[in-house]
1. Given the conditions (1) within 18 Å of the chain's Cα centre (by Cα); (2) open to solvent by 30 Å² or more (accessible area, probe 1.4 Å); (3) over 20 Å from Gly36 (Cβ atoms), report the number of the one that Ile135 does not fulfil.
2. Taking the range 38-65, which residues are open to solvent by 30 Å² or more (accessible area, probe 1.4 Å) and modelled with pLDDT of 90 or more?
3. Of all the residues that make up the range 193-211, how many are in contact with a Ser or Thr (Cβ under 7 Å, 6 or more places away or on another chain), of a type in the set (Val, Ile, Thr) and more than 19 Å from Thr27 (Cβ to Cβ)?
4. Between a residue in the range 94-119 that is free of Cβ contacts under 8 Å to residues at least 24 places away in the same chain and among the small types (Gly, Ala, Ser) and any residue that is part of a helix (DSSP H, G or I) and open to solvent by less than 30 Å² (accessible area, probe 1.4 Å), which pairs come within a Cβ distance under 6 Å, given they are 6 or more apart or on different chains?
5. Picking from Tyr92, Tyr35, which residue would you name as being at pLDDT 90 or above, open to solvent by 30 Å² or more (accessible area, probe 1.4 Å) and in contact with a Gly (Cβ under 8 Å, 6 or more places away or on another chain)?
6. Would you say Arg140 is open to solvent by 70 Å² or more (accessible area, probe 1.4 Å) and touching a residue at least 12 places away in the same chain (Cβ under 8 Å)?
7. May I ask you to list the residues in the range 172-215 that are over 17 Å from the mean Cα position of the chain (by Cα), farther than 25 Å from Asn241 by Cα and open to solvent by 60 Å² or more (accessible area, probe 1.4 Å)?
8. I'm trying to understand the selection: among the residues of the range 95-113, which are surrounded by 17 or more Cβ atoms within 10 Å (Cβ to Cβ) and closer than 16 Å to Ala81 by Cβ?
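The values are calculated or read from the model by the stated rules, or taken from the named source; none is laboratory data. Please read these numbers as outputs of a predicted model, since none were measured by experiment. Cβ atoms come from the backbone with ideal geometry, glycine included; neighbour counts cover every protein chain shown. Heads up: the accessible areas ignore ligands, DNA and RNA and are worked out on the full protein's heavy atoms, side chains in. Shrake-Rupley method; radii C 1.70, N 1.55, O 1.52, S 1.80 Å.
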Amino acid sequence: MTEDKNMDMRYAVLIDADNIAGKYIKTIMDEVSTYGTATYRRIYGDWTNPNLEGWKKNLLENSIIPVQQYGYTTGKNSTDAAMIIDAMDILYSENVDGFCLVTSDSDFTRLAARLRESGMDVIGMGEQKTPRAFIAACNRFKYLDLIYSEKKELAKADEEVKESKKASVQDNLEALKSSIVDMVEENSDDDGWMTTGALGTILSKRYPDFDVRNFGYTKLTPFIRSLNVFEIRVHRAGPNNKQILIRKK
């Protein structure tokens, strides 16, 4: 059994709206929540540009701060400069443990390398078209288009929930069950086991309104057992140290 990931890591999530589509917002925030907490959430672009309309509906819902950057000169990308300046300001503030740079632009390669040199954990996210140099400059890189494609059915279910007057995830138990299965499969050890403590942490970060009491339970383990898709076992490392493990049947 592997140790739980450090869920106390703090990340600055900086998104280049000029190069990333708004449809990836859930994928981005879900992936970040696997590694820690997004304490800074900023997105950069010219919000007078109709091409960014797809992003606007997602900003308030995900507590992302839009940073306006006008294109003063043809052929020059002021968004890049603003994002780089903000990243360095955040770095020197010493308020984060890592950065998530969401872009498919190779112009951020030096920024990623500089942040790593300062001991930051750098997660890159972009599409498959992202240049190799930027990918190599990050500690890890996530292909948003591949992840989005793999979770297309779940994403569709989430969109249906949002369209029904932004109903909470508790109104769709099947979608929640599917999401929990994905979380366990993505974060389990080599034998497929994951602690309920780690699962609960990811659940609370991914779904802030999640509460087992909404389903008639007082603890997470009985709720997980009711889903009837997981094996459950108790691991004792000492008389006062108990872990509850789950694995997909």
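1. All conditions pass for Ile135, except number (2).
2. Correct list: Thr39, Tyr40, Arg41, Arg42, Ile65.
3. Here is the first cut: in the range 193-211, the ones in contact with a Ser or Thr (Cβ under 7 Å, 6 or more places away or on another chain) are 194, 196, 202, 205-206, 209-210.
With of a type in the set (Val, Ile, Thr) added as a condition, the list becomes 196, 202.
Restricting the remaining residues to those that are more than 19 Å from Thr27 (Cβ to Cβ) gives 196.
Residues that pass the stated criteria total 1.
4. That search, which allows pairs on different chains as well, returns nothing.
5. On the way: Tyr92 fails: in contact with a Gly (Cβ under 8 Å, 6 or more places away or on another chain).
When all the criteria are applied, what remains is Tyr35.
6. On the way: open to solvent by 70 Å² or more (accessible area, probe 1.4 Å): yes; touching a residue at least 12 places away in the same chain (Cβ under 8 Å): yes.
Considered against the rule, which asks whether it is open to solvent by 70 Å² or more (accessible area, probe 1.4 Å) and touching a residue at least 12 places away in the same chain (Cβ under 8 Å), Arg140 comes out as yes.
7. Leu173, Glu174, Arg213, Asn214
8. If we filter the range 95-113 for residues that are surrounded by 17 or more Cβ atoms within 10 Å (Cβ to Cβ), which is where we start, we get 96-105, 107-109, 111-112.
Residues satisfying the conditions are Leu101, Thr103, Asp105, Asp107, Phe108, Thr109, Leu111, Ala112.
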